[in-house]
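Student: Okay, handing you the structure first.
The values are calculated or read from the model by the stated rules, or taken from the named source; none is laboratory data. From a predicted model like this one, the values you see are computed outputs, not experimental measurements. Neighbour counts run over all protein chains shown; Cβ positions are idealised from the backbone, glycine included. The protein model used for the area step is the full one, side chains on, heavy atoms only, and it has no ligands, DNA or RNA in it. Shrake-Rupley method; radii C 1.70, N 1.55, O 1.52, S 1.80 Å.
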Amino acid sequence: MEIGILSTSGGKQLATLTVDPNSTLKELKTQIHRLKSFLYPDRQEFRLEPRGKGLDENKSVQALGLKDQSKLYLKDLGPQIAWKTVFLVEYAGPLFVYAWIYTRPWLFYGEDAASQPTSQIVHIAAVCWISHYAKRILETLFVHRFSHATMPVRNLFRNCAYYWIFAAYVAYHVNHPLYTAPCQMQSYIALGFWTVCELGNFSIHWALRNLRPPGSKERRIPQPTKDSLTLLFKLVSCPNYSYEVGGWVAFTVMTQCLPAGLFAFAGFYQMAVWALGKHRAYKKDFKDYPRGRKAIIPFVL
């Protein structure tokens, strides 16, 4: 059977493919790549309508109800970059930016800055910040399994700007010679909460890794494991985001720094959007999905 491939932009005919009804869209992408070498498979997205939803590349032509002389629309997603590379660049930036400002105050505050007395909380905050992003880098290398191989390279600049600029903004204020730390009791309690959140975030990432077999895109309902820090799965769909937000709230309380609070709020907003989307997808895909779970904040959101 023949399938016409049209561009989502203007409906221009790109190709006519001769396919088997059992062929998957992934196989069609390979055929397109042979015809147009710049359109490598990760750069392609098939749709049934020009403005429709992207189709699962593992679906067969027959399963989609396509017949001889049917049409498929192809969106060029633009140049792609591997998600692992994206994460490494995103996370390495704030680690080195913060460490740079922390270790070289004279470059940012003047020659006398290095001789000024520094609060113990300043050093603790630096350890927390650098440890957090070192953890993220190690998780990217050894823990995460990515369901999508790539993302548009143009998004890399936006994502890096968010992480790198906020890192400089927070570091500049926390390491400033005029910075005044809160009382030690407040900071130490917040540090304890931060530590729990970091451990909890790692526990959730490890549980999610083991939920999906290697090389598979199989989806299952996340459940708590023997690790007590994963019990949050009973209350929310995305406890990794819950712990992440909790960690940044704790960092804000520990440092009592407004830029840190703005970073926590911005992160919460974005993670709430992601969590709500994943929560809706879980409920749609799994009819037996636990009804009592929220998306990111237990009992609330």
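Student: Restricting to region 218-239, give me the number of residues that are buried (at least 16 other Cβ atoms within 10 Å of the Cβ) and outside any loop (DSSP other than H, G, I, E, B).
Tutor: The number of residues fulfilling the criteria is 6.
Student: Given F142, F146, F193, which one is assigned by the TED database to the domain that holds T103, hydrophobic (A, V, I, L, M, F, W, C) and more than 20 Å from C238 (Cα to Cα)?
Tutor: Going through F142, F146, F193 in turn, the sole match is F142.
Student: Go through Q116, Q120 for me and flag whichever is assigned by the TED database to the domain that holds F251, at pLDDT below 90 and out of contact with any helix residue (DSSP H, G or I) (no Cβ under 6 Å at 6 or more places or on another chain).
Tutor: Q116
Student: Let me ask something additional. Only one residue in V122, V127, V89 is surrounded by 14 or more Cβ atoms within 10 Å (Cβ to Cβ), more than 30 Å from G10 (Cβ to Cβ) and over 20 Å from the mean Cα position of the chain (by Cα). Which one?
Tutor: One residue alone meets the criteria, V122.
Student: Note down all Cβ pairs under 6 Å where the first residue falls in region 160-186 and is open to solvent by 40 Å² or more (accessible area, probe 1.4 Å), the second is not in a helix (DSSP H, G or I), and they're at least six residues apart or on different chains.
Tutor: Sorted first by the residue in region 160-186, then by its partner, the pairs are H173/C257; P177/Q116.
Student: Find the residue count for region 1-15, including only residues that are touching a strand residue (DSSP E or B) at 6+ places or on another chain (Cβ under 7 Å) and exposed (fewer than 14 other Cβ atoms within 10 Å of the Cβ).
Tutor: 3
Student: Something else now. Please specify each residue of region 1-24 satisfying the condition of being of a type outside the set (S, T, Y), assigned to a loop (DSSP other than H, G, I, E, B) and in contact (Cβ under 8 Å) with a residue 24 or more places away in the chain.
Tutor: Selection gives M1, G11, V19, D20, P21, N22.
To keep it simple, each residue is scored yes or no on (1) β-branched (V, I, T); (2) in contact with a strand residue (DSSP E or B) (Cβ under 8 Å, 6 or more places away or on another chain).
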| residue | (1), (2) |
| --- | --- |
| L235 | no, yes |
| T255 | yes, no |
| F265 | no, no |
| Q270 | no, no |
| A275 | no, yes |
| R293 | no, yes |
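Student: Condition first: assigned to a loop (DSSP other than H, G, I, E, B) and in contact (Cβ under 8 Å) with a residue 40 or more places away in the chain. Now tell me which residues in region 25-41 satisfy that.
Tutor: Residue satisfying the conditions is Y40 alone.
Student: Now for a different question. Would you check which residues across region 249-287 are of a type in the set (S, T, Y) and open to solvent by 70 Å² or more (accessible area, probe 1.4 Å) and list them?
Tutor: Within region 249-287, just Y269 meets the criteria.
Student: Kindly indicate whether any position in region 251-262 is touching a helix residue (DSSP H, G or I) at 6+ places or on another chain (Cβ under 7 Å), aliphatic (A, V, I, L, M) and not in a helix (DSSP H, G or I).
Tutor: No, region 251-262 contains no residue that is touching a helix residue (DSSP H, G or I) at 6+ places or on another chain (Cβ under 7 Å), aliphatic (A, V, I, L, M) and not in a helix (DSSP H, G or I).
Student: Moving on to the next point. Would you confirm whether or not region 208-217 contains a residue that is open to solvent by less than 20 Å² (accessible area, probe 1.4 Å) and either in the same structural domain as E139 (by the TED database) or touching a Gly at 6+ places or on another chain (Cβ under 9 Å) (or both)?
Tutor: Within region 208-217, none of the residues are open to solvent by less than 20 Å² (accessible area, probe 1.4 Å) and either in the same structural domain as E139 (by the TED database) or touching a Gly at 6+ places or on another chain (Cβ under 9 Å) (or both).
Student: OK, next. Does region 160-183 contain at least one residue that is β-branched (V, I, T), under 24 Å from C257 (Cβ atoms), part of a helix (DSSP H, G or I) and under 16 Å from the mean Cα position of the chain (by Cα)?
Tutor: Scanning region 160-183, I find no residue that is β-branched (V, I, T), under 24 Å from C257 (Cβ atoms), part of a helix (DSSP H, G or I) and under 16 Å from the mean Cα position of the chain (by Cα), so the answer is no.
Student: Can you tell me which residue within region 288-301, out of those that are in contact with a Leu (Cβ under 8 Å, 6 or more places away or on another chain) and under 14 Å from G246 (Cβ atoms), is least open to solvent (accessible area, probe 1.4 Å)?
Tutor: Applying the filter and picking the extreme gives I296.
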